[in-house]
Amino acid sequence: MLRTILVDDEKPALKALERLLIQYPDIYIVGMFTDINQALELIKNDSIHLLFLDIDMPKLNGIAAAKEILSNNATIDIIFVTAYSHFAVEAFEVNAFDYIMKPVSPKRLNKTIERIIQNRLAPDVLSMQQNKNEFLNKLITKTLTDIDVILQQAKKMDIDFTQSFSLFILLFPDTITPDEKIVAINAFIEELSKKIGLVVWQTSHGIGILDYTLTSSENCKNEELTSAINLKTIAAKHFPDIRVALGIANRYPKLENFPDRYVQARNAAIIGFRVSPASGIYHFADSGFLPILNQYVNEQSINTLIDSTIGKLLEHDRVTGNDLFHTMEKIILSNNLQSVANMLFIHYKTVLFRKQAIEKILGVSMNSFAGRTMLGIALTLFYLKDIPPISKE
């Protein structure tokens, strides 16, 4: 809050300015005076940030008063409010923050307040966000593990880890790094941070979001998907030229699960790029057990499985210039061939012909449970294979 004093020898002018200023939540009016000496006394004994000061006053000229105030406290921003334009040069010679003509218009005052908030509050907000980023990133990298310390630090940042929350990750394509969109990312984080019940921070992979607005039930997938759609709509305003994905983690009540939930949301977003390109939204609950394999199967086994299954198709497409791999994806992830035909905008018989060609290349029937399961596992591990580990650096 910016502690503010208003000084004008005319009470109606004070009241008019007060009515305009009370609309700003960041402005707190400490006192209003028609006597400049009373204002000077308060300034000596209180921490004041802003002073709205009339110039043409009977006891002490506003310019002279400003010089006296700034000689003792140069951190106070003084905004002269006067009916006379000829004081402007003198006003700025004493380093006044601004000079506003009476009658004060809301539009003109708003420009002044925006500048003040940007100069005074923006650095504090940025510092708070940076602290929040560092704190939450320490949790996901398991650099900070002491529960009592975590709860204490979280409380200072208005993060309540004693309550249940949903966890989302907004991810950018591999071709784009967060640093390339830093201005848009900051604007997106700032907009979401103003919404009640959301905690937002930047990670090395994208943007993390904690949502406290949903029910405390562990089974609120539909609500989370609805919330994700709203988040994607906001993201589209800030990132109109790139396709982002939003991953949703499963809901667990324990704080110890936070790092694992982050990995779930990140993996879900990566799968979402491929499985749900239109919406870009994917819930980890829809992936079943498959991504879990990525944590427990060694890299050599993963590569062997991929090479011996879908790797054959990737090589075939590379040599022939075809795109059967894309058709295989749709068949594995869809309920029926007609849906695949609709998604690819081709005839049903074309899909059937491609399916037969794929099965011949792979030596696997996609009609059998075993065949679809093996290809589904290989496909998911292929999506997740090149994900960099969560780094503590």
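Taking Cα centre as origin and charging only the Cβ of basic (Lys, Arg, +1) and acidic (Asp, Glu, -1) residues, the dipole magnitude of the range 123-287 rounds to 200 debye. The stretch between Leu151 and Ser204, if pulled fully straight at 0.36 nm per residue, gains 16.8 nm over its current Cα-Cα span. Charge tally for Gln38 (other residues, Cβ to Cβ under 13 Å; Lys, Arg +1; Asp, Glu -1): -3. Quick one: which of Lys132/Lys330; Lys232/Lys360; Lys142/Lys221 span more than 31 angstrom between C-alpha atoms? Violating the 31 Å Cα-Cα cut-off are Lys132/Lys330; Lys232/Lys360. The modelled label-to-label distance for the pair Thr350/Arg108, using points 7 Å beyond Cα in the direction of Cβ, is 6.7 nm. Between the beta carbons of Arg3 and Arg274, assuming R0 = 45 Å, the FRET efficiency works out to 0.25 to the nearest 0.05. Qualifying chymotrypsin sites (Phe, Trp or Tyr not before Pro) in the range 1-107, where qualification requires a DSSP coil assignment and no more than 15 other C-beta atoms within 10 Å, comprise Tyr84.
By the scheme Lys and Arg +1, Asp and Glu -1, what is the net charge of all other residues having a beta-carbon under 12 Å from that of Leu333?
+1
Principal axis analysis of the Cα atoms in the chain yields extents of 98, 48, 35 Å, listed in decreasing size.
Cβ crowding within 10 Å, taken as a proxy for footprinting-reagent exposure, orders Val104, Val340 from fewest neighbours to most as Val104, Val340.
Across q = 0.09 Å⁻¹, the range 1-119 modelled as identical point scatterers on its alpha-carbon atoms has Debye log10 I(q)/I(0) values of -0.20, in the order of the q list. Once both labels are positioned 7 Å from their Cα atoms along Cα-to-Cβ, the gap between Tyr252 and Ala16 label points is 6.3 nm.
Values quoted throughout were computed directly from the atomic coordinates according to the rules given, and no laboratory measurement underlies them. As the structure is a computational prediction, the values presented were derived from the model and not from experiment. A quick note on method: Cβ atoms are made from the backbone with ideal geometry, for glycine too, and the neighbour counts reach across all protein chains shown.
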